[in-house]
Amino acid sequence: MNKLKNGVIVALVATMLLLTYTIWSYTLGTSGTGLMRRVFGVEEPEGTHYAGYEELSYALRVITPLSCAVRESRGGALYGTTDRETASACFERIGSLLAEALETAQTPQEARASEWRGALGGTMVFLDFGGRVPLSTLARLLGAQAPESLTADARYVAVCVQGSGDRAAAVLYYMEADGTVRRCKTDADADYLTMLTAEWTPNGYRFAFEERLTDAAMLLMPTDTIPALEISNPLSTAAEADFDRIMEDVLESVGFNAYRPSVYSESDGTRVYVEEERTLRANGNGRVTYSDPGAAGTVGTEPSAADQTARIAEAAHLASQVVTSYLGDARLFLLDTDYDAAAGEFTVRFGVECGGVRILTKRGCVASLTFRDSTLCAAELELRTYRRNGTSVIVLPASQALAAAGGRRDFGLYYREEDGAVKAGWYIGE
């Protein structure tokens with residue numbers, strides 16, 4: 001009988017503990033009003049608790065590096081990858097440290113080429129974003145607040161350990177669009193960075209400057225083959241019903257009522273949709289343009305870092321809704337942003353890549369979206385589909401290609417659209 005009583009007591013205690021934990025977990029971070037809504041079965045959507053979370057998640061998808069490199073010690077071998085999925089995993093792993101480096105960055109100082117090469121030759125993590133990313137936006141997406149002095153856009157960003165022992169420090173390096181390299185001392189944890197770099201095993205990658213080919217921070221692959229791509233245009237091959245379905249998605253993404261605009265066709269087959277002052281045009285080559293001449297904006301006031309981030313997020317969301325649906329094996333990345341003070345317009349442009357290798361398109365980008373304040377006033381979208389066809393392309397060895405390039409910073413391994421085909425090789429980038 002005593003054993004039975006003891007068993008009942010243990011069961012009751014365990015039940016109480018379980019209920020306590022369940023209630024604590026259920027109510028953690030929930031207001032009284034929110035709790036009452038839960039009691040009565042009224043759940044709030046996730047976005048209610050995390051304002052802007054969905055939009056910012058789209059921005060983070062297009063602002064992940066196309067390639068990265070990690071070196072554990074000075075003079076040590078390099079781990080590298082030009083596969084974006086792998087680079088994104090590395091980016092996620094060092095995200096908190098990079099956020100700390102961006103938030104605590106001191107006033108940028110110009111770095112000599114020898115300092116840049118020396119930093120990349122030591123303990124460091126190097127990220128290549130493919131396009132020009134505003135550092136203030138990068139910081140905000142990582143949950144940090146960049147100082148006012150950190151206003152540059154950069155394709156290459158590196159966090160490096162300099163000094164040793166008690167004097168070891170994490171230093172932020174980045175390269176601006178004109179090739180100027182700047183360095184910032186930070187309060188990021190150098191010991192933690194050193195520990196992180198030990199997680200990657202060298203795999204034969206190297207920088208071009210390590211082979212004395214060029215000063216550019218270009219990663220060289222240990223192989224001279226990349227997957228072959230094929231390109232197609234979904235609008236040119238779509239049946240009438242499919243064309244209408246695609247255009248309904250496009251119209252709704254820019255705020256049209258897909259069932260109300262006036263529609264007519266021009267002599268070359270371009271379909272034109274009109275709603276009040278707004279116009280959207282689509283042709284069989286996959287090009288879609290949008291214009292809203294009535295959109296109001298503030299002239300001469302450059303968007304704040306928060307506003308720029310919001311516009312990038314909105315543009316990424318729209319481009320993801322429309323363009324990503326048809327990209328196939330390719331993915332979007334942020335190419336650059338631009339502010340026209342005279343027109344009060346902020347433009348966000350997206351490029352496209354496959355496997356971490358940029359695709360050079362005829363128009364330079366697959367999506368360009370322009371805002372006046374928070375209103376979309378113009379857009380150009382290219383609907384393309386890229387597919388790996390199961391074969392590989394043998395490209396010219398890097399040493400030969402770089403010898404002929406003359407040290408151009410934008411020279412590298414790319415895919416290029418030519419005459420309805422995609423060719424892989426060494427090209428001058430946009």
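The values are calculated or read from the model by the stated rules, or taken from the named source; none is laboratory data. Note that the structure is a prediction, hence the values are computed from the model and not measured. Cβ atoms come from the backbone with ideal geometry, glycine included; neighbour counts cover every protein chain shown.
A few comments on the model shown:
- Reported count of residues in segment 118-140, each being out of contact with any strand residue (DSSP E or B) (no Cβ under 8 Å at 6 or more places or on another chain) and either part of a loop (DSSP other than H, G, I, E, B) or surrounded by fewer than 22 Cβ atoms within 10 Å (Cβ to Cβ) (or both), is 1.
- Flag if Thr107 is out of contact with any Asp or Glu (no Cβ under 7 Å at 6 or more places or on another chain), in contact (Cβ under 8 Å) with a residue 12 or more places away in the chain, of a type in the set (S, T, N, Q) and surrounded by fewer than 20 Cβ atoms within 10 Å (Cβ to Cβ): yes
- For Glu277, the conditions (1) among the charged types (D, E, K, R); (2) touching an Asp or Glu at 6+ places or on another chain (Cβ under 7 Å); (3) modelled with pLDDT of 90 or more are fulfilled apart from (3).
- Checked across segment 294-301, the condition of being part of a strand (DSSP E or B) and either farther than 24 Å from Val133 by Cα or at pLDDT 95 or above (or both) holds for no residue.
- Boolean, Gly286 is at positive phi and either touching a Leu at 6+ places or on another chain (Cβ under 7 Å) or free of Cβ contacts under 8 Å to residues at least 12 places away in the same chain (or both): yes
- So Ala330, is it surrounded by 20 or more Cβ atoms within 10 Å (Cβ to Cβ), aliphatic (A, V, I, L, M), under 18 Å from Tyr414 (Cα atoms) and not assigned by TED's automatic domain parsing to the domain that holds Glu176: yes
- Complete set of residues in segment 325-339 that are in contact with a Phe, Trp or Tyr (Cβ under 8 Å, 6 or more places away or on another chain) and not in a loop (DSSP other than H, G, I, E, B): Gly328, Leu332, Phe333, Leu334, Leu335, Thr337, Asp338, Tyr339
Residue-wise test of (1) among the β-branched types (Val, Ile, Thr); (2) more than 25 Å from Thr64 (Cβ to Cβ).
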site	(1), (2)
Ala343	no, yes
Phe350	no, no
Gly356	no, no
Thr361	yes, no
Val366	yes, no
Leu376	no, no
Ala404	no, yes
Leu413	no, no
Ala421	no, yes
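- Enumeration of residues in segment 141-172 that are among the small types (Gly, Ala, Ser) and part of a helix (DSSP H, G or I): Gly165
Each row is one residue, and each column tells you yes or no for (1) over 30 Å from Asn389 (Cα atoms); (2) loosely packed, with under 12 Cβ neighbours inside 10 Å; (3) touching a strand residue (DSSP E or B) at 6+ places or on another chain (Cβ under 9 Å); (4) modelled with pLDDT of 90 or more.
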site: Ala228; (1), (2), (3), (4): no, no, yes, yes
site: Ser236; (1), (2), (3), (4): no, no, no, no
site: Asp242; (1), (2), (3), (4): no, no, no, no
site: Gly255; (1), (2), (3), (4): yes, no, yes, no
site: Ser262; (1), (2), (3), (4): yes, yes, yes, yes
site: Gly269; (1), (2), (3), (4): yes, yes, no, no
site: Val272; (1), (2), (3), (4): yes, no, yes, yes
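- Filter result for Arg167 (farther than 14 Å from Thr123 by Cα and in contact with an Asp or Glu (Cβ under 7 Å, 6 or more places away or on another chain)): no
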